[in-house]
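All remarks here apply to the structure that follows.
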Amino acid sequence: MPDIELTAGPIAYEDTGGEGPVVVLLHGLVHDATVWRHVIADLRADHRCVAPTLPYGAHRRPMSPDVPLDPDAVNELVVEFLDRLDLRDVTLVESDCGRAQTVAGHHPERLGRLVLISCEAFDNYPPGLPGKLIGVAARLPGGISLLVRTLGVRALRRLPVGLGALTKRPVPDEIVDGWLRPLRTDKAIREDFRRYTLGVRRTELLEAVDGMRTFDKPALVVWAAEDLMMPREHGRRLADVLPRGRLVEIADSRTLISEDQPELLATVLREFIAEPG
């Protein structure tokens, strides 16, 4: 997986290459690009899939300690990533986190389409009990280490405060181990994660609404019908905010639809990208 040096630090990314439509896939907290592995395996035959691993705790190389690292900084990091790779007219897809909402509102010139998948929105930020526990852990000495050690116990991963809140089906242990390893083994990664978490502004995604109202390009909101983290009504509200937005609900899934229903999600994405602009 190649790296690119950005202002905030190094970002690893997967790039399938190819001449098809460009799809940029953004993951959520304490995940990396592997959360998209099944979707990419499906789409790569006729799309160029680009999936960066953002500095959300599962990244392997720490960010620069001299550069601010918070959700606002990650918004700009995503834009810089698109710019440095000269990615234009992309379909920007995001699951779990909400950065794509601000990127679409502030930098629509880079995007051709937008897809929001069961994500933080409006006042649900940080989302649910797991999101709030992460905030508490970041404020307590040793809190992040304790949280990660707890999630590192395989028997505890399906708890409602862990992956049990995000998926209906177990994520393979080797994938979860990969997500957690940087936080478990690298103090600098834990510090990145702490800085990001402490930088959360509760009003960020409420502010993003005004920008999304001006995003006059095709937009799709995909929501898990059994989501425990993201209120079901937020899917409809996001689709209504976006001038050309529409909603698709995925049954038998929680937040990480890419884990619970990857084949169906890939089909929905392929059909949306193929629609006339």
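The values are calculated or read from the model by the stated rules, or taken from the named source; none is laboratory data. Small disclaimer: the values here were computed from a predicted structure and weren't measured. Note: ideal-geometry Cβ built from the backbone for every residue, glycine included; neighbour counts use all protein chains shown. With ligands, DNA and RNA removed, areas are computed over all heavy atoms of the protein, side chains included. Shrake-Rupley method; radii C 1.70, N 1.55, O 1.52, S 1.80 Å.
Of the strands (runs of 3 or more DSSP E) lying entirely inside the stretch 1-87, those carrying at least 2 residues that are touching a strand residue (DSSP E or B) at 6+ places or on another chain (Cβ under 9 Å), buried (at least 21 other Cβ atoms within 10 Å of the Cβ) and among the aliphatic types (A, V, I, L, M) are 22-26, 48-53. Report whether or not Gly105 is open to solvent by 10 Å² or more (accessible area, probe 1.4 Å), in a strand (DSSP E or B) and out of contact with any Pro (no Cβ under 6 Å at 6 or more places or on another chain). No, not satisfied. Considering the stretch 177-190, and only residues there that are open to solvent by 70 Å² or more (accessible area, probe 1.4 Å) and of a type in the set (D, E, K, R), the residue that is farthest from Ile250 (Cα to Cα) turns out to be Lys187. Among the residues that make up the stretch 115-135, is at least one of them part of a helix (DSSP H, G or I), modelled with pLDDT under 95, touching a Leu at 6+ places or on another chain (Cβ under 6 Å) and open to solvent by less than 10 Å² (accessible area, probe 1.4 Å)? Checking the stretch 115-135: not a single residue is part of a helix (DSSP H, G or I), modelled with pLDDT under 95, touching a Leu at 6+ places or on another chain (Cβ under 6 Å) and open to solvent by less than 10 Å² (accessible area, probe 1.4 Å).
For the stretch 159-217, a residue qualifies if it is acidic (Asp, Glu) and under 30 Å from Gly277 (Cβ atoms), and the qualifying residues are Glu204, Glu207, Asp210, Asp216. Given the condition among the hydroxyl-bearing types (Ser, Thr, Tyr), touching a Phe, Trp or Tyr at 6+ places or on another chain (Cβ under 9 Å) and under 24 Å from Val268 (Cα atoms), answer yes or no: does some residue in the stretch 90-108 qualify? Among the residues of the stretch 90-108, at least one is among the hydroxyl-bearing types (Ser, Thr, Tyr), touching a Phe, Trp or Tyr at 6+ places or on another chain (Cβ under 9 Å) and under 24 Å from Val268 (Cα atoms), which makes the answer yes.
Conditions (1) free of Cβ contacts under 8 Å to residues at least 24 places away in the same chain; (2) loosely packed, with under 14 Cβ neighbours inside 10 Å; (3) of a type outside the set (Asp, Glu), marked per residue:
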position	(1), (2), (3)
Ile175	no, no, yes
Arg201	no, yes, yes
Gly211	no, no, yes
Val248	no, no, yes
Asp252	no, yes, no
Glu263	no, yes, no
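When Leu238 is tested against (1) open to solvent by 10 Å² or more (accessible area, probe 1.4 Å); (2) modelled with pLDDT of 95 or more, only condition (1) is not met.
Listed by first and then second residue, the pairs with beta-carbon distance under 7 Å, at least 6 apart or on different chains, first residue in the stretch 38-60 and within 23 Å of Pro71 (Cα to Cα) and touching a residue at least 24 places away in the same chain (Cβ under 8 Å), second among the β-branched types (Val, Ile, Thr) and assigned to a loop (DSSP other than H, G, I, E, B), are Tyr56/Val30; Gly57/Val30; Ala58/Val30. The number of residues in the stretch 144-161 that are surrounded by 18 or more Cβ atoms within 10 Å (Cβ to Cβ) and either modelled with pLDDT under 75 or not basic (Lys, Arg) (or both) comes to 4.
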